[in-house]
Amino acid sequence: MPTEEQDIIERLSLVGDELQHMGLKRPICILLVGGAYMITQIHNRSITRDVDIIAQKIDRESAEHRLLKQATSSVAHSLNASPAWFSDNMADFFKSIGKIPHGKLWFSRGKLEVYLPDSGYILALKLISGRDKDLEDIEALLQNLHLKKRKQVENLIKKYIDQETQEEYNEEIQTALDTFF
Amino acid sequence: MYLNLLQTMNLSYQEICQGERPWTALGNFMNDWYEYHKDQRAKLVVEPLTLPDPCSSEMYKWAAFCAASTEWFCSTYGVPCPSWVHDPTYTLSEPWFTRENIKVRQWLISSTPETFSKRNIFCGNRMFLNKYEQATSHYKETVQ
């Protein structure tokens, strides 16, 4: 297993341990997205600075969310890292643009369970964003999913992204698709 | 991520020269700019780029891109712009369209910020979208 992948798992494991020490009764479930997903599941790159996640079944104001932030800050402090290494900055946006998949359990440690969405979901998010830094990931995901036709990708976007968002982000989506098809 | 390391623009450029994916290296710079070291932005850009010798055309293009990016970050966020970015070395002799498909060429030409286009770089306007500002923007939209 590549070093960076091990590092991501070790850091998440520390969070799970920390949540356990805090006395949490039920595990917190998170969905892995972003660069950490690409590294650990698609293996198309080796480095990411942070781990992007969507916390499932808890909202930002809940006690569980507060404990999750405390746990990740504690791990950051022990590693002399920025508390921003563990980021759910985009979670509210992702929740607002379509149904978040539950995903499959990847691993659990202490009171943390880490789930993985289909790679099609990650592709849909990256097409909405359409940033230059996403282009290599989009290419890798298209290969991973064996998507060769524009229509296939458009169907995948329809599956994960609601109609209103598709319309709002139409220019971004079309430009991203034009880059590849 | 680690607080004892400043991911300067020059460090990102050196990483590109050493074979790192350009958008990984520039993404690391963005993380520092927007979050990890946002209180030290001037320090992140003050150091001039160190070009390799010899400098391949590919590395030369990314040097121009880093200079344009530095000017863009400084002007957008009100940080004093270091003089090294204005060196004419960082203007390409031929246009560089960062996305090859001809279908997006008009979009690249029309949407690229001037700090890039004046250096003959056409890259569109989605280079530096980031989760830190997008999240803030979404939050504002939600609560308004």
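The values are calculated or read from the model by the stated rules, or taken from the named source; none is laboratory data. Here the structure is a predicted model, which is why all the values come from computation and not from measurement. Here the Cβ positions follow ideal geometry from the backbone for every residue, glycine too, while neighbour counts run over all protein chains shown. Heavy atoms of the whole protein, side chains included, go into the accessibility calculation; ligands, DNA and RNA do not. Shrake-Rupley method; radii C 1.70, N 1.55, O 1.52, S 1.80 Å.
Here is how the numbers come out for the structure above:
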quantity	calculated
Any hit, segment A:43-62, residues being at pLDDT 90 or above and part of a helix (DSSP H, G or I)	no
Filter result for residue B:92 (more than 9 Å from chain A (Cβ to nearest Cβ), modelled with pLDDT under 95 and not in a helix (DSSP H, G or I))	no
Of all residues in segment B:18-29 being surrounded by fewer than 19 Cβ atoms within 10 Å (Cβ to Cβ) and more than 9 Å from chain A (Cβ to nearest Cβ), the one that is farthest from residue B:44 (Cα to Cα)	B:19
Test set (1) among the hydrophobic types (A, V, I, L, M, F, W, C); (2) within 14 Å of another protein chain (Cβ to nearest Cβ); (3) open to solvent by 30 Å² or more (accessible area, probe 1.4 Å); (4) without any contact (Cβ under 8 Å) to a residue 60 or more places away in the chain - residue A:94 fails condition number	(4)
Residue under evaluation residue A:102, criteria (1) in contact (Cβ under 8 Å) with a residue 24 or more places away in the chain; (2) touching a helix residue (DSSP H, G or I) at 6+ places or on another chain (Cβ under 8 Å); (3) farther than 29 Å from residue B:110 by Cα, criterion not met	(2)
Count - residues of segment A:51-81 that are within 14 Å of chain B (Cβ to nearest Cβ) and open to solvent by 10 Å² or more (accessible area, probe 1.4 Å)	9
Leading residue by the ranking (nearest to the other protein chains (Cβ to nearest Cβ)) among those in segment A:14-34 that are open to solvent by 10 Å² or more (accessible area, probe 1.4 Å) and part of a helix (DSSP H, G or I)	A:34
Tally, over segment A:36-46, of residues that are in contact with a Lys or Arg (Cβ under 8 Å, 6 or more places away or on another chain) and open to solvent by 10 Å² or more (accessible area, probe 1.4 Å)	1
Test: residue in segment B:45-67 that is in contact (Cβ under 8 Å) with a residue 40 or more places away in the chain, within 14 Å of chain A (Cβ to nearest Cβ) and in contact with an Asp or Glu (Cβ under 8 Å, 6 or more places away or on another chain)	no
Residue A:157 vs. criteria assigned to a helix (DSSP H, G or I), buried (at least 16 other Cβ atoms within 10 Å of the Cβ) and modelled with pLDDT of 95 or more	yes
Some residue of segment A:98-107 being more than 14 Å from every other protein chain (Cβ to nearest Cβ), buried (at least 17 other Cβ atoms within 10 Å of the Cβ) and assigned to a helix (DSSP H, G or I)	no
Test: residue in segment A:119-128 that is within 18 Å of residue A:18 (Cα to Cα) and either polar (S, T, N, Q) or surrounded by fewer than 21 Cβ atoms within 10 Å (Cβ to Cβ) (or both)	no
